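See structure below.
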Amino acid sequence: MAALALLGDMLVRATPLILAGLAVAVAFKGGVLNIGAEGQLLIGACTSTAVSLKFGSTLGPLTIIVALIIGMLAGALWAAIAAELRNRFHVLEVISTIMLNFVALYLISFLVRGPLQEPTRIYPQTSTIAPFTQLPVILEGTRLHIGFILAIAAGLIAWWVVRNTVAGFRLRLTGANPRAARIAGMVNVERTTRNVFLISGALAGLAGAIEVHGVTFALYENISPGYGYTAIAVALLAGLNPAWVIASGILFGALEAGASALQRDAGVPSTLVWVVEAAVILTVLGTESYRSRRSRQFVAPEFAAAQGSS
Amino acid sequence: MAKASALPSAHHAPALEMRGITKHFGNVEALSAVSFTLRRGTLHALLGENGAGKTTLMRIAFGMISSDAGDVKVGGISRRLHSPRDAIALGIGMVHQHFMLVPEMTVAENIELGGRGRFDSDASANKLRLLEEKTGFAVDPSAKVSSLGIPAQQRVEILKALANDAEVLILDEPTAVLAPAEAQDLLARVRDLVLNGTSVVLITHKLRDALRYADDVSVLRHGRMVLTGAMSDFSEQQLAAQMLGREPRTTVAKTRESISPAGESVISLREVDFIDSSGVRRLHNVSLEVSAGEIVGIAALEGSAAWLLRILAARLTPTQGRRVLPERLGFIAEDRQHEGLASTFTLYENVALKDIGKRKGRIRWPAIKRQTLSLIERFDVRTSGVDMRAQNLSGGNQQKLVLARELDGNPDAIIAENPTRGLDINASSMIREHLRRARDAGCAVVLYSSDIDELVDLADRVVVLREGTLIKTPLDAGAIGNALLAGHRRLTDE
């Protein structure tokens, strides 16, 4: 069934986009401009691969769980570097996270040609992880693995936490009004910011770990076709709402899965999909900024300020 | 003014004429068929309480916002103003209540902002010198704006408005940020501008200033023009009654005979020092006891009380010394837009804000909405509902919301930092009344106010914070003023 396979492909593509999209959405919402989901994803991918390759035989069936957890922790740690740089030295995370993306990329380049290279030493990649460490397929006849369910669960949990918990409110508050958070709310803004970095990095790291264990089964340089960057578009399209990230992740997954079919079957260059993606983003952001401009007469703080005394 | 002829003559037509201006913000009618005429070469006071629509009306005249209906004539000719650029081209200048200067740039650069072509600092300085001769407003063109004091920044704003050959100058609460003497000085200079032919609209809620300096007066109340005419036709009482829609509340007479027997000590500072992050010593050997059921006033020069108040409010930790604070504590920050409230959040989210850093677990929004609703009712916050964003409240209502949140649950202590700043008479007296009531209910109140009369009126005792140390003073405006200024003089002499 070609249609079924295509559906599976679309959701397989959507999985890392949803998780990385959540990473970006949570970060942006919390006032952290994490552009480094790509790097955190790569670090998550490489550490989790290492776990499965090196400890698969000792851990047995537990391997996959440990590998995913280690992937998350590693992603969080990678983001923590940027968090410390920001809290201690006021280094803008936009810069530091982008640079850390390249560090992660070249680190993988090194690893797959060095310590983690497959035994024949021919290809710049690791050996394939053992079948029992791979994520189970949930839809027969497709590549759709259980990671997709995990991504959706993560989206729903993030949505609920942001909406209904003190921690979620602190995150929104610190992102939108850090001074009010500190003074009126007595929030430890530095700690909240650090936590935002950590959670964001963990989600991106999980995306990478799942990609290896559900799709590629090995680590190589181009394991991510820029998921971490597309994730920014996914998050923005969703208006930073974790529940909507699921939907926008699936949309982008469909576009990217369709790209190769487009080229193969219709002879249309797959790059056209990027044009569509960019057009979607520009339209959404354009509408958004138009809407907020229309209503700004009512909501601009300086207006409210002046109104306060008029 | 009668129309002289069919062809409007530039010399006889009013400088600015607005007819039937109506403006809605969402469901709220901010202005309702308002007409306003500024006669050439006069100073016209535009009075009204907070939220009456004064600024909105003038922003329409300045092209910042568009009206839903109505007509604007500049020099007798109907104009459609799409942006401030249009207004400036027609010779209208506006000075906003909140400074719109770039702190990192020099005075000359700020004045030339929005200009075209090459920036020539010499030409610009010359231009400023000419303006200075004409207007008497002096500033150093090469000074960085951030290095200037508030009065000088205000002068820069006015010069900036005048630099584009403005014939109509709109001043939005120009004295709000100034000390009384500075305010009188500014208004006297504005009066000189008028004598030289500029037509000025002075937006204010200070009746005295208007009475003293204006030729004409208009009063807005809830978006309607309730009174307009020559200043000499009205008495202070008439104007006040029109502004408020009733006689102003009289200040509650104070029972000062017996200072309530001091209850147990609630707040205690012992030999507290504070050194800020840039290594400057802000407090030195400060000791202060505040008991339940008293209001302790703190007098300090502008801005210098911030550290002490934040230490008392548990927002800062002393570098040295002992501090005892109660568990339940309210803090009213001076900057309600950025520190007291999360402006972009709804009212109920702003209520949830209190002590959110110390809580855990779930937030039950329905309960918080109910709590907000009851606070809004008890403190008479005028709003369209709990889903409204805090920034859309008028200043007085924002402060009432902050006060409601901080006083809710009868805290053991409340720290108030200039709580009536920028508020009109009614809102201020309501805030004071709530602080008194909290005191009477046994709350320990610490009040800092830049208005010494307010301190004397409210406080049971006053301490002066000078150069980082506390000085006891009698409860007398003159003595407090002297204590403050002695410090100031000493500082400036050095």
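The values are calculated or read from the model by the stated rules, or taken from the named source; none is laboratory data. Note that the structure is predicted; figures quoted are calculated from it, not measured. Here the Cβ positions follow ideal geometry from the backbone for every residue, glycine too, while neighbour counts run over all protein chains shown.
Quick rundown of the values:
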item: Out of B:N126, B:N110, sole residue that is touching a Leu at 6+ places or on another chain (Cβ under 8 Å), among the polar types (S, T, N, Q) and surrounded by 13 or more Cβ atoms within 10 Å (Cβ to Cβ); result: B:N110
item: Subset of the range B:146-179 (residues that are farther than 20 Å from B:M64 by Cα, of a type in the set (G, A, S) and over 17 Å from the mean Cα position of the chain (by Cα)); result: B:S146, B:S147, B:A152
item: Subset of the range A:39-65 [within 13 Å of A:E211 (Cα to Cα) and among the aliphatic types (A, V, I, L, M)]; result: A:L41, A:L42, A:I43, A:A45, A:I64
item: Condition broken by B:Q337, with the remaining ones in (1) within 13 Å of B:Q398 (Cα to Cα); (2) not in a helix (DSSP H, G or I) satisfied; result: (2)
item: Number of the exception - B:R212 against (1) within 14 Å of chain A (Cβ to nearest Cβ); (2) modelled with pLDDT of 85 or more; result: (1)
item: Matching residues, the range B:324-366, being closer than 20 Å to B:A413 by Cα, touching a strand residue (DSSP E or B) at 6+ places or on another chain (Cβ under 9 Å), of a type in the set (A, V, I, L, M, F, W, C) and facing chain A (nearest Cβ under 7 Å); result: B:A333
item: Filter result for B:R315 (basic (K, R), in a helix (DSSP H, G or I) and closer than 30 Å to B:L423 by Cβ); result: no
item: Identity of the residue in the range B:34-72, more than 17 Å from B:L220 (Cα to Cα) and of a type in the set (D, E), that ends up farthest from the other protein chains (Cβ to nearest Cβ); result: B:D71
item: Filter pass, B:V386 being part of a loop (DSSP other than H, G, I, E, B) and either in contact (Cβ under 8 Å) with a residue 12 or more places away in the chain or surrounded by 17 or more Cβ atoms within 10 Å (Cβ to Cβ) (or both); result: yes
item: Spans of helices (runs of 4 or more DSSP H) in the range B:56-170 with at least 3 residues touching a strand residue (DSSP E or B) at 6+ places or on another chain (Cβ under 6 Å); result: B:150-163
item: Test: residue in the range A:160-174 that is in contact with a Ser or Thr (Cβ under 7 Å, 6 or more places away or on another chain) and away from chain B (no Cβ under 14 Å); result: no
item: Unmet criterion (only one of (1) in contact with a strand residue (DSSP E or B) (Cβ under 6 Å, 6 or more places away or on another chain); (2) assigned to a loop (DSSP other than H, G, I, E, B)) for A:S224; result: (1)
item: Checklist (1) of a type outside the set (S, T, Y); (2) buried (at least 23 other Cβ atoms within 10 Å of the Cβ); (3) free of Cβ contacts under 8 Å to residues at least 40 places away in the same chain applied to B:E454, failing item; result: (2)
item: Among residues of the range B:367-395, those that are among the acidic types (D, E) and more than 14 Å from chain A (Cβ to nearest Cβ), counted; result: 2
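Let's see how each residue does on (1) within 12 Å of another protein chain (Cβ to nearest Cβ); (2) buried (at least 21 other Cβ atoms within 10 Å of the Cβ); (3) touching a helix residue (DSSP H, G or I) at 6+ places or on another chain (Cβ under 8 Å):
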| site | (1), (2), (3) |
| --- | --- |
| B:E406 | yes, yes, no |
| B:P419 | no, yes, yes |
| B:D424 | yes, yes, yes |
| B:R436 | no, no, yes |
